[in-house]
1. Is it true that residue 11 is open to solvent by 70 Å² or more (accessible area, probe 1.4 Å), in contact with a Lys or Arg (Cβ under 6 Å, 6 or more places away or on another chain) and not polar (S, T, N, Q)?
2. Tell me, yes or no, whether region 42-63 has at least one residue that is within 12 Å of the chain's Cα centre (by Cα), under 27 Å from residue 170 (Cβ atoms) and open to solvent by 40 Å² or more (accessible area, probe 1.4 Å).
3. Which of the numbered conditions does residue 48 fail, given that it passes all the others? Conditions: (1) modelled with pLDDT under 95; (2) in a strand (DSSP E or B).
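The values are calculated or read from the model by the stated rules, or taken from the named source; none is laboratory data. Every value quoted in this text rests on a predicted model; they were computed, and no experiment measured them. Cβ atoms come from the backbone with ideal geometry, glycine included; neighbour counts cover every protein chain shown. Only protein heavy atoms, including side chains, enter the accessible area calculation; ligands, DNA and RNA are left aside. Shrake-Rupley method; radii C 1.70, N 1.55, O 1.52, S 1.80 Å.
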Amino acid sequence: MTVASSPPGEEIDFPWHAEPSFNCFGCGPGNPVGLKLRMRKLPNGEFGAVTVFSPDYASYPGIVHGGIVHVLLDEVMGDTLALVHGMLAFSVSLSSRMLLPLRVGVPYTTAARIAGQGNGVLHTEAEITGPDGEAHVMARGTFQPIRSEQAKDLMDLDEAAFGRVSHYFDHGTGES
């Protein structure tokens, strides 16, 4: 199913989930300690994920660790780039404003959108809201598209794995 035809609410499967060498902490279904996030198209047309954190991700009792919150934001913003532009990208910067703590056992929705592009990078925005719709975190991120030579150098992909995901690399940002 293509992303454009995915109905709101339906989980979106990424092709790299089937790659044994991709063990993403954020979205990898096979990572035993990861978040196993499942992206979906939200009713408003944005992309996001609904997450309920277990106590394994707490800092203070009952409160989700801030670093884990940033993993969630980074993953949803990066996955949104993959869904909208068909590219994989490295995060260059991430800034957030924590308005309210996230609690373990509570469902949160993280929604992201592309906010712009320039100087070879893409800019994203995201927020995490609680079940009552109240904003808990606001964030901005900057991402650099991954080039083939970077992927080959840094990702330790064999030729077969690289061939299966190579179309996610070498995307420009529309600049000359």
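1. Numbers: open to solvent by 70 Å² or more (accessible area, probe 1.4 Å): yes; in contact with a Lys or Arg (Cβ under 6 Å, 6 or more places away or on another chain): yes; not polar (S, T, N, Q): yes.
Answer is yes for this residue.
2. Looking for residues that are within 12 Å of the chain's Cα centre (by Cα), under 27 Å from residue 170 (Cβ atoms) and open to solvent by 40 Å² or more (accessible area, probe 1.4 Å), one finds none in region 42-63, hence no.
3. The single condition residue 48 does not satisfy is (1).
This table checks each residue for (1) aromatic (Phe, Trp, Tyr); (2) in contact (Cβ under 8 Å) with a residue 40 or more places away in the chain; (3) touching a helix residue (DSSP H, G or I) at 6+ places or on another chain (Cβ under 7 Å); (4) within 18 Å of residue 111 (Cα to Cα).
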| position | (1), (2), (3), (4) |
| --- | --- |
| 40 | no, no, no, yes |
| 43 | no, no, no, yes |
| 46 | no, yes, no, yes |
| 51 | no, yes, yes, yes |
| 58 | no, yes, no, no |
| 61 | no, no, no, no |
| 65 | no, no, yes, no |
| 75 | no, yes, no, yes |
